[in-house]
1. Using only Cα atoms and rounding to the nearest 10 degrees, what angle (0 to 90) does helix 81-102 make with the longest principal axis of the chain?
2. Using Cα pairs under 8 angstrom and six or more residues apart, how large is the relative contact order of the chain, in percent?
3. For 8, 78, 18, 92, what ranking results if the residue with the fewest other Cβ atoms within 10 Å of its Cβ goes first?
4. Please express the shape of region 5-106 as an equivalent ellipsoid: the semi-axes are the square roots of 5 times the eigenvalues of the C-alpha gyration tensor, given largest first in whole angstrom.
5. Sort 33, 11, 106 so the one with the fewest other Cβ atoms within 10 Å of its own Cβ comes first.
6. Treating the angle as unsigned and between 0 and 90°, give the value, to the nearest 10°, between the Cα long axis of helix 56-76 and the longest Cα principal axis of the chain.
7. Points 7 angstrom from Cα along the Cβ direction at residue 102 and residue 68: gap in nanometres?
8. Taking only DSSP H segments of four or more residues, each worth -39500 (n - 2.57), what value at 222 nm results for the chain once the sum is divided by all its residues, to the nearest 500 deg cm²/dmol?
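Read the figures in this text as sums done on the coordinates, not as results from a lab. Here the structure is a predicted model, which means the values were calculated and not measured. Cβ sites come from the backbone with ideal geometry, for glycine too, and all protein chains shown count toward neighbours.
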Ligand SMILES: [Zn+2]
């Protein structure tokens, strides 16, 4: 058994991968229960802090959209803006890799 993953909201152990939502808040990846994420992060705080799930279906869809938009910006725009898009993509990718290595891979199924 590897290290326990503790939910940021209710401070209980997250047992299953299906129940885990990792969210980035100010470039810090935090683990939540699926239920706790809906209760805490998507509420009032998300108005002020941009956060979004990094894993699961919605995380994968948002990453795919980010990837497509970055590639489109990189191919069809000139100058500085495409480097901003590239930096954003690199940041998003690293947050997901970090979230996977730190939390998701320790959980079964
Ligand atoms: Zn929780």
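1. Once rounded, one gets 20 degrees.
2. Numbers: 122 pairs, mean separation 32.7, N = 109.
After rounding, I find 30 percent.
3. On the way: 8 15, 78 6, 18 11, 92 18.
By the 10 Å Cβ count, ascending: 78, 18, 8, 92.
4. Working: eigenvalues 158, 39, 23 Å².
Output for region 5-106: semi-axes of 28, 14, 11 Å.
5. Numbers: 33 22, 11 8, 106 17.
The order, fewest Cβ neighbours first, is 11, 106, 33.
6. 10 degrees
7. 2.9 nm
8. Working: 3 runs with 47 residues, N = 109.
After summing the helix terms and dividing by residue count, I get -14000 deg cm²/dmol.
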